[in-house]
1. Give me a count of the residues in the stretch 6-26 that are of a type outside the set (S, T, N, Q) and within 12 Å of the chain's Cα centre (by Cα).
2. Mind listing just one residue for me: the one in the stretch 67-103 that is among the aromatic types (Phe, Trp, Tyr) and at pLDDT 70 or above and, of those, surrounded by the fewest Cβ atoms within 10 Å (Cβ to Cβ)?
3. Working carefully through the options 31, 54, 35, find the one that is touching an Asp or Glu at 6+ places or on another chain (Cβ under 8 Å) and modelled with pLDDT of 85 or more.
4. Mind listing just one residue for me: the one in the stretch 1-41 that is without any contact (Cβ under 8 Å) to a residue 24 or more places away in the chain and among the polar types (S, T, N, Q) and, of those, surrounded by the fewest Cβ atoms within 10 Å (Cβ to Cβ)?
Amino acid sequence: MVTIVRLYLYKNNFCDPQRNIGTAKMFEAAADLDAYLKFFVASMAVSGLNNWRAFVTNDNIDFEAVDHFVLMDEEYGLGINKDKVSEINLKDIKKDIDKVYSEANAKREAAKKAAQT
């Protein structure tokens, strides 16, 4: 059984992919979702992340219900599924990525110094 996960990226609290505002994607594996979010966050400055919010749902939740939840902060139309809409903290992902990048960069610089001597 494949569980489909939906990701909605809101830019300035709007998500309309047809007008190039925000992103809506479907993933069949959580690992693919994690990789996509890491790739999305990696090239962005922390100050740029202030404009973005990420929400993850399962396939049973309609976009209209998620959109209302984001814009109005109400669970209208979600009913018993109100716990199935989760906001992802993009800044936490950025902190993890930056830590890994800085460690790899330090190792590379140490290897360069060792090679020069």
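1. Initial filter on the stretch 6-26 (of a type outside the set (S, T, N, Q)): 6-11, 14-17, 19, 21-22, 24-26.
Now restrict to residues that are within 12 Å of the chain's Cα centre (by Cα): 6-11, 22, 24-25.
Residues meeting the conditions: 9.
2. Step one: filter the stretch 67-103 for residues among the aromatic types (Phe, Trp, Tyr), giving 69, 76, 101.
Within this subset, residues satisfying the condition of being at pLDDT 70 or above are 69, 101.
On the way: 69: 21, 101: 11.
Among them, the one singled out is 101.
3. Details: 31 fails: touching an Asp or Glu at 6+ places or on another chain (Cβ under 8 Å); 35 fails: touching an Asp or Glu at 6+ places or on another chain (Cβ under 8 Å).
That would be 54, the only listed residue that is touching an Asp or Glu at 6+ places or on another chain (Cβ under 8 Å) and modelled with pLDDT of 85 or more.
4. Looking at the filtered set, the residue picked out is 18.
The values are calculated or read from the model by the stated rules, or taken from the named source; none is laboratory data. Just so it is clear, the model here is predicted, and its values are computed rather than measured. Positions of Cβ are backbone-derived with ideal geometry, glycine not excepted, and every protein chain shown enters the neighbour counts.
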